[in-house]
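Asks: Before I ask anything, here is the structure I am working with.
The values are calculated or read from the model by the stated rules, or taken from the named source; none is laboratory data. None of the values given here were measured: they were computed from a predicted structure. Virtual Cβ from ideal backbone geometry, glycine too; neighbours counted across all protein chains shown. Heavy atoms of the whole protein, side chains included, go into the accessibility calculation; ligands, DNA and RNA do not. Shrake-Rupley method; radii C 1.70, N 1.55, O 1.52, S 1.80 Å.
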Amino acid sequence: MLILSLATIVTLAVLLGSGVWIAFALIGTAWVALEFFSPFSPGPILASDFWGASYGWDLTALPMFIWMGEILFRSGLADNMFRGLSPWLNRLPGRLLHTNIIGSGMFAAVCGSSAATCATVGKMTLPELERRGYDSNMAIGTLASASTLGLLIPPSIVLIVYGVVTEQSISRLFMAGIGPGLMILSLFMTYLILWSLLKGKREGLTGYDEPSMSFVEKLRNTWSLVPILLLIGGIIVSIYGGLASPTEAAAVGVVLSIVIARLTGSFSMATLKDSLFAAVRTACMIAFIIAGASFLTSAMGFTQVPMELARAIGEMGLSPTLLLIMLTLLLLVMGCFLDGISLILLVTAILMPLVSAAGFDLIWFGIYLVVVVEMSQITPPVGFNLFVIQGLTGKDILTITKATLPFFLLMMLSIALMHLFPEIALYLPQAMNR
């Protein structure tokens, strides 16, 4: 098992370091694992996984939300978001860097996909933050980390999968995700404020000074946020009003973004064409990575490495706190090679009896599990958000990973806080029963 683990890590590191496309690096690593460490032929498994990863209905939401972001970006509505938020955030340490955190939290509430949130918000914010002189590493770190909340803030596909497998109430899981989601957003914003006070402002990394405005001018600029708020409100109403599923709501978002852009006079056929082709390129990039990660997930399953690690922890007879620490370490290692849904399915299939015997509330454990999966989204080598950021910026994985490290540690802190104060996750779902 140790030899296989080392071979997998070395192969992936060599392929990524040689400049091979990310999806091809994942495919090559899985091929090596199956060819040399299992009796199974890689070819049929590759064909099956690529087909299974490419035709799912849930994937429809991904290109549609990305297209919506491209329309917002190219029609100037993204500029409106900055124009509306800038007067109010200008006095807050970190200034417009907070738009990555706030924007990701808002979009996560209507998207449910970490990759789509990262791609959509990144298209809107990264070019504008760079133009205004903000630190690129902090812009990347806040975006990659805050966009993981698409997995936690409802609606969440990952929470739906967990609820179905463990027979827990999906509505209670959705309610349980709100408190931890807001807590993590607050931790991110607090760190950004401290970074700005201690380093960013002194070294000129928090952008150019914005001109001061009167209260009336601030309100006038805030009016430019109305189209974005209408768009988000329309998507939320379509989901929670029962008019559309989260996947169908992605199409609603595209239609509303076109209508709003048309009404504001910033839409044309050229904008439609450019946004469509850009969305196709980004969506294909993400879909190809997902397919490659699916093949690597299957390879790890056939070689039995994740299952052996899980069983080893289960046989240690640890206390609840020590069990949680060991589970976190195990899941972080497994998250380096498995996608979020596969990780949750693996844990629920093998460890749920152990978790129940340790006395963990299964609603609470579901939220904990999703937070760990969020952390794996910014953990190489299979950190989807890192790959999306790389596709948007062209920066190397090491630079992006370094930028996300402080936020990774803040997520670790959030798990400790949830363990010490379970009510953070359980208060709202328990209130539903009163």
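Asks: Being open to solvent by 20 Å² or more (accessible area, probe 1.4 Å), in contact with a helix residue (DSSP H, G or I) (Cβ under 8 Å, 6 or more places away or on another chain) and not hydroxyl-bearing (Ser, Thr, Tyr) is the filter here; which residues of region 129-149 pass it?
Replies: Of everything in region 129-149, those that are open to solvent by 20 Å² or more (accessible area, probe 1.4 Å), in contact with a helix residue (DSSP H, G or I) (Cβ under 8 Å, 6 or more places away or on another chain) and not hydroxyl-bearing (Ser, Thr, Tyr) turn out to be 130, 132, 135, 137.
Asks: Counting only residues that are closer than 19 Å to residue 67 by Cβ and touching a residue at least 24 places away in the same chain (Cβ under 8 Å), give me the helices (runs of 4 or more DSSP H) lying completely in region 202-301 with at least 3 of them.
Replies: Working: elements: 215-222, 226-240, 246-263.
Of the helices (runs of 4 or more DSSP H) lying wholly inside region 202-301, those with at least 3 residues that are closer than 19 Å to residue 67 by Cβ and touching a residue at least 24 places away in the same chain (Cβ under 8 Å) span 226-240, 246-263.
Asks: Taking residue 78 and the conditions (1) of a type in the set (A, V, I, L, M, F, W, C); (2) closer than 19 Å to residue 126 by Cβ; (3) at pLDDT 80 or above, which numbered condition does it fall short on, given that it satisfies the others?
Replies: Of the numbered conditions (1) of a type in the set (A, V, I, L, M, F, W, C); (2) closer than 19 Å to residue 126 by Cβ; (3) at pLDDT 80 or above, the odd one out for residue 78 is (3).
Asks: Counting only residues that are small (Gly, Ala, Ser), surrounded by fewer than 19 Cβ atoms within 10 Å (Cβ to Cβ) and in contact with a Gly (Cβ under 8 Å, 6 or more places away or on another chain), how many does region 248-296 have?
Replies: Here the count works out to 1.
Asks: Still on this model: Looking at 175, 213, which is the one that is at pLDDT 75 or above and open to solvent by 40 Å² or more (accessible area, probe 1.4 Å)?
Replies: Working: 213 fails: at pLDDT 75 or above.
It is 175.
Asks: Just one of 275, 266 is of a type in the set (Ser, Thr, Tyr) and at pLDDT 85 or above; which is it?
Replies: Values: 266 fails: at pLDDT 85 or above.
None of the other options fit; the residue is 275.
Asks: Filter region 150-172 down to the residues that are touching a Leu at 6+ places or on another chain (Cβ under 7 Å) and open to solvent by less than 30 Å² (accessible area, probe 1.4 Å), then identify the one that is farthest from residue 378 (Cα to Cα).
Replies: Filtering first and then ranking leaves 166.
Asks: Is it the case, given these coordinates, that residue 312 is farther than 26 Å from residue 163 by Cβ, touching a helix residue (DSSP H, G or I) at 6+ places or on another chain (Cβ under 9 Å), modelled with pLDDT under 70 and open to solvent by 30 Å² or more (accessible area, probe 1.4 Å)? Full working, then the answer.
Replies: Values: farther than 26 Å from residue 163 by Cβ: yes; touching a helix residue (DSSP H, G or I) at 6+ places or on another chain (Cβ under 9 Å): yes; modelled with pLDDT under 70: yes; open to solvent by 30 Å² or more (accessible area, probe 1.4 Å): yes.
It is true that residue 312 is farther than 26 Å from residue 163 by Cβ, touching a helix residue (DSSP H, G or I) at 6+ places or on another chain (Cβ under 9 Å), modelled with pLDDT under 70 and open to solvent by 30 Å² or more (accessible area, probe 1.4 Å).
Asks: Follow-up question, since we're still on this one. Out of the residues in region 1-37 that are at pLDDT 75 or above and among the small types (Gly, Ala, Ser), state the one that is farthest from residue 287 (Cα to Cα).
Replies: For region 1-37, the residue satisfying everything is 33.
Asks: Regarding residue 326, is this residue part of a helix (DSSP H, G or I), open to solvent by less than 30 Å² (accessible area, probe 1.4 Å) and modelled with pLDDT of 70 or more? Full working, then the answer.
Replies: Working: part of a helix (DSSP H, G or I): yes; open to solvent by less than 30 Å² (accessible area, probe 1.4 Å): no; modelled with pLDDT of 70 or more: yes.
No, not satisfied.
Asks: What is the number of the single condition among (1) open to solvent by 20 Å² or more (accessible area, probe 1.4 Å); (2) more than 26 Å from residue 363 (Cβ to Cβ) that residue 192 does not meet?
Replies: Of the numbered conditions (1) open to solvent by 20 Å² or more (accessible area, probe 1.4 Å); (2) more than 26 Å from residue 363 (Cβ to Cβ), the odd one out for residue 192 is (1).
Asks: Give region 391-434 a look and list any residue that's out of contact with any Pro (no Cβ under 7 Å at 6 or more places or on another chain), open to solvent by less than 60 Å² (accessible area, probe 1.4 Å), within 16 Å of residue 148 (Cβ to Cβ) and not β-branched (Val, Ile, Thr), or say none.
Replies: 392, 403, 406, 407, 408, 410, 411
Asks: Looking only at region 225-245, decide whether some residue is open to solvent by less than 70 Å² (accessible area, probe 1.4 Å) and within 20 Å of residue 92 (Cβ to Cβ).
Replies: To start, the set of residues in region 225-245 that are open to solvent by less than 70 Å² (accessible area, probe 1.4 Å) comprises 225-228, 231-236, 238-239, 241-242, 244-245.
Of the ones still in play, those that are also within 20 Å of residue 92 (Cβ to Cβ) are 225, 228.
Taking every residue of region 225-245 in turn, at least one turns out to be open to solvent by less than 70 Å² (accessible area, probe 1.4 Å) and within 20 Å of residue 92 (Cβ to Cβ).
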